[in-house]
Amino acid sequence: MKDRPVWVDYGVMVLGAFLIGFAIKNMYDPVSLVTGGVSGIAIILKRFAGIPLWVTNTTLNIPLFIAAWRMKGWRFIKRTAVATLALSVSLYVIPEMAFLTEDIFLAALFGGILSGLGTGMVFMVSATTGGTDTLAALIQQKMRHYSIAKIMQVLDGIVVLLGATVFGIQYALYALIAIYAVSKVSDGILEGLNFSKQAFIISEKYKEIGNAIMTRMERGATAVDAVGMYSGADRKMIFCVVSKKEIVTLREIVQEIDKQAFMIVSDVREVFGEGFIEY
């Protein structure tokens, strides 16, 4: 939202960074889960050199931010710098209260969920927590034929492999569970959790089906001109969006009116407008 106060963005950013910090310090680190990025390197260094997590996170990000500032300017790194600082502060001030140390799977799963929630919140306000995100953006400046996402995957993969070498393959496999949970939860926050269903219906009785959708379901429907590629005949295709629970009613209406109708149903992440999410 353009009219959202800036302080709200920074509040969301800091809260997200603290959620990530809690997951790293009290879920990943106690069971040696290296999920990639600077945090993964920090866990390895803490285990073998005793260096606190926040020190590694801060130290490794400083040269990255200097390089990013010179190459892309302050505007590029401003929010990310705040989020990274918030993550380092969280790793310093959050007390160690490790739990789930007896169950690595639960630590990976709930650490991933919590970290994914924080990551989604940080991404939602156009920031990152630095580390491999910033490094990938810098590398992409020199290797423009690769996307930032692909470069990040390689960088994080290297860190995970390093963790597997240090702690063993079993821990690396558990780390993959955490990485998967992070991606799913953060994607859910960014893309929306209000899933709906969209349907495309091709039928000779499109008028009857469209009227039934509007009267019996009180949903809108749009008739789209289409041409059958095999027959070359002009057709009408009905397009409509309904909630998940309404798809059963829609299917029943179509089968009742025309058992020969061709119907395609797929998921949609968010629907804005009357009857769904208001602007």
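Regarding the stretch 199-222, can at least one residue be identified that is β-branched (V, I, T), assigned to a helix (DSSP H, G or I), on the phi < 0 side of the Ramachandran plot and open to solvent by 50 Å² or more (accessible area, probe 1.4 Å)?
Yes: the stretch 199-222 contains one or more residues that are β-branched (V, I, T), assigned to a helix (DSSP H, G or I), on the phi < 0 side of the Ramachandran plot and open to solvent by 50 Å² or more (accessible area, probe 1.4 Å).
Looking at the stretch 73-108, which of its residues are touching a Lys or Arg at 6+ places or on another chain (Cβ under 7 Å) and among the charged types (D, E, K, R)? So that I can check it myself, show each step before the final result.
Of all residues in the stretch 73-108, those touching a Lys or Arg at 6+ places or on another chain (Cβ under 7 Å) come to 91, 94, 96.
Hit for the stretch 73-108 is E96, nothing else.
Step by step: first the residues of the stretch 165-215, then only those that are free of Cβ contacts under 8 Å to residues at least 12 places away in the same chain and of a type in the set (V, I, T), then the one that is nearest to D267 (Cα to Cα). Which residue is that?
T215
For the stretch 229-245, which residues satisfy the criterion of being touching a residue at least 24 places away in the same chain (Cβ under 8 Å) and of a type in the set (S, T, N, Q)? Break it down stepwise before answering.
Taking the stretch 229-245 first, the residues touching a residue at least 24 places away in the same chain (Cβ under 8 Å) are 235-244.
Once the filter is applied, which keeps residues that are touching a residue at least 24 places away in the same chain (Cβ under 8 Å) and of a type in the set (S, T, N, Q), the stretch 229-245 yields only S243.
From Y146, Y92, grab the single residue that is of a type outside the set (D, E) and more than 25 Å from Y10 (Cα to Cα). Talk me through it step by step, then tell me what you get.
On the way: Y92 fails: more than 25 Å from Y10 (Cα to Cα).
Exactly one of Y146, Y92 is of a type outside the set (D, E) and more than 25 Å from Y10 (Cα to Cα), namely Y146.
Determine which member of the set V159, V154 is out of contact with any Pro (no Cβ under 8 Å at 6 or more places or on another chain), closer than 19 Å to G40 by Cα and either open to solvent by 40 Å² or more (accessible area, probe 1.4 Å) or basic (K, R) (or both). Step through it out loud before you land on a result.
Working: V159 fails: either open to solvent by 40 Å² or more (accessible area, probe 1.4 Å) or basic (K, R) (or both).
On inspection, the qualifying residue turns out to be V154.
Provide a single number: the residues in the stretch 86-107 that are touching a residue at least 24 places away in the same chain (Cβ under 8 Å) and more than 12 Å from F18 (Cβ to Cβ). Before the answer, list the steps.
Kept after step one, since they are touching a residue at least 24 places away in the same chain (Cβ under 8 Å), are these residues of the stretch 86-107: 86-92, 94, 96-101, 104-105, 107.
This time we only want the ones that are more than 12 Å from F18 (Cβ to Cβ), so: 96-101, 104-105, 107.
Count: 9.
Restricting to the stretch 43-72, name every residue that is more than 10 Å from S88 (Cβ to Cβ) and aliphatic (A, V, I, L, M).
Those that are more than 10 Å from S88 (Cβ to Cβ) and aliphatic (A, V, I, L, M): I43, I44, L45, A49, I51, L60, I62, L64, I66, A67, A68, M71.
Have a look at T119, T134, T129 and point out the one that is touching a residue at least 12 places away in the same chain (Cβ under 8 Å) and part of a loop (DSSP other than H, G, I, E, B).
Numbers: T119 fails: part of a loop (DSSP other than H, G, I, E, B); T134 fails: part of a loop (DSSP other than H, G, I, E, B).
Checking each option against the conditions leaves just T129.
Out of V248, V254, report the one residue that is over 27 Å from the mean Cα position of the chain (by Cα), over 11 Å from I213 (Cα atoms) and at pLDDT 85 or above.
Working: V254 fails: over 11 Å from I213 (Cα atoms).
Going through V248, V254 in turn, the sole match is V248.
Read through the list (1) among the basic types (K, R); (2) more than 24 Å from V160 (Cβ to Cβ); (3) in contact (Cβ under 8 Å) with a residue 60 or more places away in the chain, then give the number of the only condition that K25 fails.
(2)
At positive phi and over 18 Å from the mean Cα position of the chain (by Cα): does that describe S39? Don't jump to the end; show me each part of the working.
Working: at positive phi: no; over 18 Å from the mean Cα position of the chain (by Cα): yes.
When the stated conditions are applied, S39 does not pass them.
The values are calculated or read from the model by the stated rules, or taken from the named source; none is laboratory data. Because the structure is predicted, anything quoted here is derived from the model rather than measured. Cβ coordinates were reconstructed from backbone atoms using ideal geometry, including for glycine residues, and neighbour counts include every protein chain displayed. Only protein heavy atoms, including side chains, enter the accessible area calculation; ligands, DNA and RNA are left aside. Shrake-Rupley method; radii C 1.70, N 1.55, O 1.52, S 1.80 Å.
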